[in-house]
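Okay, so here's the structure we're looking at.
Coordinate-derived values only; no laboratory data. Only a predicted model underlies this, so the values are computations on that prediction, with no experimental measurement involved. Backbone-built Cβ (ideal geometry, glycine too); neighbour counts: all protein chains shown.
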Amino acid sequence: MISRLVSFILLVVSAPAFAGEPRLYEGEPHWDRFSRFVEEQEDRDRREGTAYIVSGALAVIGGTIGYQQTQDPFAQTVFTISQSMGIAAVGYGTYMMQIGHEDGAFYRAVDRTAGLSESQKNGLLSNYLSEKNANRKKAKLIKAFTHGFIAALNFYNGSKQTDSNLQSVHYFIGGMNLVAAISFSF
């Protein structure tokens, strides 16, 4: 029972590592195209944010009802995790609706600055996209190394573990992080 619980928890906790990268503007630095991109992303963020809030609320409600209906400690733990994930989904949905896509703040700051010509906006956009691209590459490398080190540590700890259940847990964590490290390498 403990190994099922640990495996389930690890699967749920590890899943965000495999979430897709955020949607990126990859066009030429033309303000009008970037403006349309950001506005489309903000609409999408509102829709997706609403979906996260609704599904999260349903997970909290379902987890609460399920928890009350069982006496099995494993099932209660799963329902508690469901409730926690639901609350996290509601928070993430709210974040998407209120803050949204990462380019939104830059877009609004430049768009609200009086007196900037289209050419100046394009220049600022070009510099912003260049800096953002450089940071994205650094972030991927950092994530790849971080997950690689976690994988190596867990494979090592698993090889030293005498309890077969805990050994399996270490190998599972190591494998999940190895896959994450590889995925961030591309």
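Return a yes/no flag: does segment 56-70 have any residue that is in a loop (DSSP other than H, G, I, E, B) and over 30 Å from residue 116 (Cα atoms). Full working, then the answer.
Taking segment 56-70 and keeping what is in a loop (DSSP other than H, G, I, E, B), we get 70.
With the extra rule that they be over 30 Å from residue 116 (Cα atoms), the set shrinks to 70.
Yes - at least one qualifying residue is present in segment 56-70.
Which of the residues spanning segment 138-186 are part of a helix (DSSP H, G or I), surrounded by fewer than 16 Cβ atoms within 10 Å (Cβ to Cβ) and of a type in the set (A, V, I, L, M, F, W, C)?
Listed by number, the residues that qualify are 139, 141, 142, 145, 149, 152, 153, 166, 179, 182.
Being closer than 28 Å to residue 180 by Cβ and touching a residue at least 24 places away in the same chain (Cβ under 8 Å) is the filter here; which residues of segment 98-131 pass it?
100, 101, 102, 103, 104, 129
For residue 121, are the conditions met, namely being within 17 Å of the chain's Cα centre (by Cα), surrounded by 13 or more Cβ atoms within 10 Å (Cβ to Cβ), basic (Lys, Arg) and closer than 30 Å to residue 30 by Cβ? Working first, answer last.
On the way: within 17 Å of the chain's Cα centre (by Cα): no; surrounded by 13 or more Cβ atoms within 10 Å (Cβ to Cβ): yes; basic (Lys, Arg): yes; closer than 30 Å to residue 30 by Cβ: yes.
No; evaluated as a whole, the condition is false for this residue.
Would you check which residues across segment 112-137 are in a helix (DSSP H, G or I), charged (D, E, K, R) and farther than 14 Å from residue 33 by Cβ and list them?
First pass over segment 112-137, keeping only residues in a helix (DSSP H, G or I): 118-137.
Restricting the remaining residues to those that are charged (D, E, K, R) gives 118, 121, 131-132, 136-137.
Those that are in a helix (DSSP H, G or I), charged (D, E, K, R) and farther than 14 Å from residue 33 by Cβ: 131, 132, 136, 137.
Given the criteria of a type in the set (Phe, Trp, Tyr), crowded, with 17+ Cβ neighbours inside 10 Å and touching a residue at least 40 places away in the same chain (Cβ under 8 Å), does residue 52 qualify? So that I can check it myself, show each step before the final result.
Working: of a type in the set (Phe, Trp, Tyr): yes; crowded, with 17+ Cβ neighbours inside 10 Å: yes; touching a residue at least 40 places away in the same chain (Cβ under 8 Å): yes.
When the stated conditions are applied, residue 52 passes them.
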